[in-house]
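Undergrad: One structure is given below, represented as structure tokens, and several questions about it will come after.
The values are calculated or read from the model by the stated rules, or taken from the named source; none is laboratory data. Note that this is a predicted model, so its numbers are computed, not measured. Here the Cβ is made from the backbone with ideal geometry for all residues, glycine too, and neighbour counts use every protein chain on show. SASA here: full protein model, heavy atoms, side chains in, ligands and nucleic acids out. Shrake-Rupley method; radii C 1.70, N 1.55, O 1.52, S 1.80 Å.
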Amino acid sequence: AQALRECLEKRLSWKNFSFLEGAGLSRNNLVSPRQLVGLLRAFEKYQDLMPQNSAFRAKTGTLTGVNTY
């Protein structure tokens, strides 16, 4: 989590966010919608690393009571 925080601060100039768990599964990881869009744009050139469903590339994830792409 510390390495992720440092990377986001340095590479994307993020401030005012919280990452308590590096895999992104904690309900206490907090980022703004603008930060998330910036992260997705920065990742765009690496999109081929994501698994591809027949219609789109996505990373699945679950939390108790939550299902998401």
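Undergrad: Can you name every residue in region 25-40 that is out of contact with any Phe, Trp or Tyr (no Cβ under 9 Å at 6 or more places or on another chain) and either of a type in the set (A, V, I, L, M) or in a loop (DSSP other than H, G, I, E, B) (or both)?
TA: Leu25, Arg27, Leu36, Val37, Leu40
Undergrad: Taking region 28-63 on its own, how many of its residues are in contact with a Leu (Cβ under 7 Å, 6 or more places away or on another chain) and closer than 16 Å to Ala1 by Cβ?
TA: Qualifying residue count, region 28-63: 3.
Undergrad: Only residues in region 25-39 that are open to solvent by less than 90 Å² (accessible area, probe 1.4 Å) count as the first member; pair them with residues that are modelled with pLDDT of 90 or more, Cβ under 7 angstrom, at least 6 apart or cross-chain, and list the lot.
TA: Val31/Phe17; Gln35/Trp14; Gln35/Phe17; Gly38/Leu12; Leu39/Leu12
Undergrad: Continuing with this model, one more query. Can you name every residue in region 1-24 that is part of a loop (DSSP other than H, G, I, E, B), surrounded by 11 or more Cβ atoms within 10 Å (Cβ to Cβ) and hydrophobic (A, V, I, L, M, F, W, C)?
TA: Listed by number, the residues that qualify are Ala1, Trp14, Phe17, Phe19, Leu20.
Undergrad: Restricting attention to region 41-55, which residues are outside any helix (DSSP H, G or I) and surrounded by 10 or more Cβ atoms within 10 Å (Cβ to Cβ)? Can you show your working first?
TA: Narrowing region 41-55 to residues outside any helix (DSSP H, G or I): 50-55.
Residues satisfying the conditions are Met50, Gln52, Asn53.
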